[in-house]
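Here's the structure, in structure tokens; my notes come after.
The values are calculated or read from the model by the stated rules, or taken from the named source; none is laboratory data. Because the structure is predicted, anything quoted here is derived from the model rather than measured. Here Cβ is always computed from backbone atoms with ideal geometry, including for glycine, and neighbour counts include all displayed protein chains. These accessible areas exclude ligands, DNA and RNA; they are computed on the full protein's heavy atoms, side chains included. Shrake-Rupley method; radii C 1.70, N 1.55, O 1.52, S 1.80 Å.
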Amino acid sequence: MLRYALRRILWAVPTLIGLSVLAFALTSLIPAGALGGDKATEATRSRQMFLGLPYFLNSSPVGADELAAQLLKRMATGPDAEAEAELARVGGAALPYILPRLDQLPLDARERVARSLTPVALRMGLEGSLPTGRGLRDLAAFWSHFWDDHTLDFTTSSVSRAVSRYTEHGGDDRFHALRLVDTFALPAIFEELKKTQEPARRARLIQLASLSTSLGPNVTEQDAAFSIDRARDRWLEWWYVYRSDFTPFEGSERLLAAITETRYGKWSARVFSGELGVSSRDGETIVRKLRRRAPVTLVSILLALLGSYAISIPVGLVTARRRGEPVDFVAAAVAFIAYSIPAFVHCELLRRLALLGGMVDSWALLPAAALLIVSVAPFVRYQRATVLDVLGQDYVRTAFAKGGTTARVMWVHVLRNALVPTIALSGTQLPALLGTTFVVEEVFAVPGLGYETLRAVEARDVPWLVAIVTVTATISVLGILLADLVAAVLYPHLRAQFGSHVGRAR
Amino acid sequence: MSDESKPPDRPSLIERLSYPPSEKHEADRHSVVLLLSRKTVARAARLAVPVLPYATALGVTFAQLRRHRFARMGALLVALIAMVGLFAELLAGERPLICNYDSHIYILPALSKKSSPFQSTVEYEAKRSPSDWAVFPLVRHAPETEDHAAAFLPPMRGDHVLGTDGQGRDVFARLVFGARTAFTAGFVGMLAFAIIGVVLGATAGFFGGLVDAFVTRLIEVLSAVPSLVLVLVVQALLPQASTYTLVFAIVLTRWTEVARLVRVEVHKVIGQDYVLAARALGVSEWRILRRHVMPNAIAPAIVAGTFGIATIVLIESSLGFLRVGLPKDTASWGEMLSQGRLRFDAWWLMAFPGLCVFLTVASLNLVGEALRDALDPRLRDAAASHDREPKRSS
């Protein structure tokens, strides 16, 4: 059994990878211009969706080192306001790649670089030591000296040690030391931010990040844990997007970046780490939302499935046994009609009946009931067909011939063997049911996945929409997996057939 | 028992209404009726290849279908609704079909705005001279003309036969044009996914190996995605969502069903003796695929295609109901139903579109089930044998 289970689970892995590619294809469906907003917000959004990166292979990934070199080259050739602003934004992380080369630049380029670095110096708390009132030349000299004095501060290991000490103990000295390396400390800060659990420590790290990037949201140590968590989510999301600006790709990292610094790489890193990003509607992380919404939906689906079995098994047995009699006819007709009425009509009728009958008390059960009506028909029809099939088998005839009572034969010989296809059916019905819940939840205003998705549609909340496709599809894959495993527990011969069984497309 | 009164080759109503136990009858392989063309059969006979002779595929199918009372009704109803959708302009519109105006005769100004000398009935009445005449469509309302003064009118009030919706748009006109929306999506989508499904399924089944593994994977991945969710998301993400992008999104997942069935069927047929015989005779692979394999493997695609139209109609109306992804003025049955939610007493906004969706889907399901019975004789034989055996033993 264990061997079968392992093989079956391994078999599902490529399917899940395929799903991630599919969901990824959805994200690339959206043209950047379609999101609305002015040019600046559009640029930000296209950056946030990595539209500038290649799809699957990045032959020249741009890390902090490469970015600094590019900016320097642009500034050396002539005045470039955009490059200057960019350099001021990147700040400390670029310094180790800019300052050593400063002397090799022509004088005017050197001055331009020095000028654009002034805001960085202010962020670092160096306003006291900046040369005041004199020309750009002194500013350039100042940065050369700065590098001579502080080369040792700009090393990854010392910075990460400083960050972890600061996280633990706080303190002004450590704060100022970290402030001095500016954005160079960001990789270490976010590493630490992902690890620490305590709100006060998180707040300290967020303050550092906020200071060196001059971005929000900022928090203080006294803030409520909830708002600190919220801010942390936003910052981690920011880091996911902008990490490459502040992290150099050196050596083996550079090779790895050829794969990770691509649209698919970014997307899959996020999905497989279980982080699905932040909703663009209200800034809440998708994972948090899912944790709140998914149980509602999954419980109602589970109830509907259990109800379907409870109804379809007896009905299937009876109608198959009494084939052609009025019971059979009525059951078939009811199932057919239930099957052909669209889900939203069911729901709406049920809602009206409940309103008329004053059954508002049982409001919570109605969605499950509506889902049950939709899902039960295929189960009943399928169960009847498989029971009919089993009734024709020789062993059933033998059982009857040996004098078994109808009840015993039906229970022992027929039902056991007629259950396999019906169990498998719950797996294949899962995608349809997940779709149906969307309608049900909208009608009854159930705060589940469907309800949230429709609100996301109104707000064009791309991260949620893409996530919901991934999540529902993953749930279906896992549901089919579970159905297979249950069937294999009940029916050992299925395990032996695994090879041929999966060889057939399901 | 009514065994004697019922010919064994004619399934009972319940049989037609029930699902088949899938893939249970592999042992019955040789009872598969081979749907080969007469020419092929004749050639096979000449070469003494063992083939069960049978008439052409379509002839058999239709002969079977005609005997199904419910399927006949269903097919008629589907054809009727499709016709309503096709000739929607003749049934509802503001501009006349033919008119004499200003001593010119205009033919079918209803079809295009430009060729019409006036844009609405009101305008015509205002401008007409006594000698002018016009033939109007059955109902003189266009599906998208709003009239907020006449919102939520019940049926038979004024000249709105079936009432109006929340924006005062005529329900009858919207039902008629809703049929067009639903059936355009249904038929275009069905054609698309049937073609994709047959091609990919047949390729996978015929060539096997890596191609098969790839297609199987693709089927597994895509069939795990809930169609409604995918369509919803694609329609929400695309900047210009239309009925055709909707169809595209549906086809994206729906072809898998056809491909899966065709693949299994092709796989089975390839193992048959007559394919081996054809190979032995040196017939080329392409010809085997075309003449021997496909005619037999196409049956499940036809059945799945019929059910597929029903699914697409359902998805289209569900999206309309959720008010996602269809352009604002598109007449959709589901959208009308969602308007019925706004007013509790507006039963006509629930009943008529609800009935339209139900009748369409039910008819298509009936036809699909009858087709499946007609094209898959194994099920019928198996069912007929069940009829007697347990009875005899008890």
Need one value: the accessible area of A:D149 in square angstrom, 1.4 angstrom probe, rounded to the nearest 10. 120
Provide the per-residue ³J(HN,Hα) series for segment B:312-329, in order, calculated from phi with Karplus coefficients 6.51, -1.76, 1.60 and θ = phi - 60°, each as a whole number of Hz, with x at glycine and proline positions. 5, 4, 4, 5, 4, 6, 4, 4, x, 5, 7, 6, 10, x, 9, x, 3, 8
If you average 1/r across every pair of different Cα atoms in segment A:334-435 and take the reciprocal, what Kirkwood value do you get, in Å? 16.0
Net dipole in debye of the protein assembly as shown [+1 Lys, Arg Cβ; -1 Asp, Glu Cβ; about Cα centre; nearest 20]: 3280
In Å, the Kirkwood hydrodynamic radius of chain A over pairs of distinct alpha carbons? 27.7
With a cut-off of 8 Å between alpha carbons and a minimum separation of six or more residues, what is the relative contact order of chain A in percent? 17
Å² of accessible area per residue within segment A:156-248, as computed with a 1.4 Å probe and no ligands counted: 45
From the backbone phi of segment A:230-239, what are the Karplus-calculated ³J(HN,Hα) couplings (6.51 cos²θ - 1.76 cosθ + 1.60, θ = phi - 60°) in whole Hz, Gly and Pro given as x? 4, 4, 4, 4, 5, 5, 5, 4, 4, 5
Sorted largest first, the C-alpha extents of segment B:157-267 along its principal axes in whole angstrom are 67, 28, 19
When only the heavy atoms of the protein chains count and the probe is 1.4 Å, how do B:V266, B:V84 rank by accessible area, highest first? B:V84, B:V266
Rounded to the nearest Å, the spacing of the alpha-carbon centers of segment B:298-326 and segment A:102-174 is 64
Counting Lys and Arg as +1 and Asp and Glu as -1, what is the net charge of the other residues whose Cβ lies under 10 Å from the Cβ of B:V215? +1
Using the heavy atoms of the protein chains alone and a 1.4 angstrom probe, what is the accessible area of segment B:171-381 per residue in square angstrom? 33
Part-to-part distance (alpha-carbon centres) for segment A:275-338 and segment A:394-411, which is given in Å: 33
Using unit Cβ charges (K, R positive; D, E negative) and no other charged atoms, how large, in debye to the nearest 20, is the dipole of segment A:156-248 about its Cα centre? 140
Please give the total accessible area that chains A and B bury against each other, computed with a 1.4 Å probe and expressed in Å² to the nearest 100. 6300
Could you work out what % of the accessible surface of segment A:64-153 is carbon and sulfur, using a 1.4 angstrom probe and leaving DNA, RNA and ligands out of the count? 53
Measuring from centroid to centroid over Cα atoms, what is the spacing of segment A:437-495 and segment B:135-214 in Å? 27
Take chain A, mark every one of the GluC sites (Glu not before Pro) that falls in a DSSP loop and has at most 15 other Cβ within 10 Å, then report the longest stretch left between them, sites excluded. A:285-506
List the residues whose amide H sits under 5 Å from the amide H of B:D147, counting only those 5 or more places along or on another chain, with H placed 1.01 Å from N in the peptide plane. B:G168, B:R169
Quick one: helix A:199-213 against the long Cα principal axis of chain A, what's the angle to the nearest 10°, folded into 0 to 90? 50
If you place +1 on the Cβ of every Lys and Arg and -1 on the Cβ of every Asp and Glu, how big does the dipole about the Cα centre of chain A come out, in debye to the nearest 20? 2360
Hey, how much of the P(r) for segment B:159-217 falls beyond 13 Å, as a percent of Cα pairs? 71
What three numbers, in Å, describe the spread of the alpha carbons of segment A:156-248 along their principal axes, ordered from the longest? 32, 30, 22
Can you find, among B:V324, B:T360, A:G357, the residue farthest towards the positive end of the dipole of the protein assembly as shown? Put +1 on the C-beta of Lys and Arg, -1 on that of Asp and Glu. B:T360
Please list the non-local residues whose amide H lies under 5 Å from the amide H of B:A92, H modeled 1.01 Å from N, same-chain partners needing a gap of 5 or more. B:L138, B:V139
Candidates per trypsin sites (Lys or Arg not before Pro) in segment A:348-418, loop by DSSP, up to 14 other Cβ within 10 Å: A:K402
Can you sort A:K194, A:K39 by 1.4 Å-probe accessible area, starting with the largest? A:K39, A:K194
Kirkwood hydrodynamic radius over Cα pairs of segment A:239-360, then Stokes diffusion coefficient at 20 °C and 1.002 mPa s, in µm²/s: 106
The answer for the net charge of residues other than B:P154 whose Cβ lies under 14 angstrom from its Cβ, with Lys and Arg +1 and Asp and Glu -1, is -2
Given H placed on each backbone N at 1.01 Å, which residues far from A:G277 in sequence or on other chains put an amide H within less than 5 Å of it? A:I286, A:V287
Would you please report the Å³ per residue occupied by the convex hull of the alpha carbon atoms in segment B:255-355? 122
I need two numbers for the protein assembly as shown: Rg to one decimal and Dmax as a whole number, Cα atoms only, in Å. 34.2, 113
Looking at A:A76, B:P155, A:H176, which one has the Cα that reaches farthest to the positive end of the dipole of the protein assembly as shown (charges on Cβ: Lys, Arg +1; Asp, Glu -1)? B:P155
Nearest 10 degrees, 0 to 90: what angle lies between the long axis of helix A:156-169 and the longest principal axis of chain A (Cα atoms)? 70
Heavy atoms only, probe 1.4 Å: what % of the accessible area of segment B:175-264 goes to carbon and sulfur, would you let me know? 75
From Cα pairs below 8 angstrom and at least 6 apart in sequence, can you work out the relative contact order of segment A:294-456, rounded to a whole percent? 35
If ligands, DNA and RNA are left out, what is the accessible area of B:I270 with a 1.4 Å probe, given in Å² to the nearest 10? 40
Net charge near A:R293 (other residues with Cβ under 14 Å of its Cβ; Lys, Arg +1; Asp, Glu -1) is 0
Calculate one ³J(HN,Hα) per residue across segment B:249-257 by plugging θ = phi - 60° into the Karplus curve 6.51 cos²θ - 1.76 cosθ + 1.60, and present them in order as whole Hz with x for glycine and proline. 5, 5, 4, 3, 9, 6, 4, 4, 5
Kirkwood Rh and Cα Rg combined as Rg/Rh, segment B:171-381: 1.08
At most 12 other Cβ within 10 Å, DSSP loop - trypsin sites (Lys or Arg not before Pro), segment A:299-330: none
For segment B:324-368, state which chymotrypsin sites (Phe, Trp or Tyr not before Pro) are in a DSSP loop and have at most 16 other beta carbons lying within 10 Å of their beta carbon. B:F344
Mean residue ellipticity (222 nm) of chain A, computed from DSSP H runs ≥ 4 via -39,500 (n - 2.57), nearest 500: -24000 deg cm²/dmol
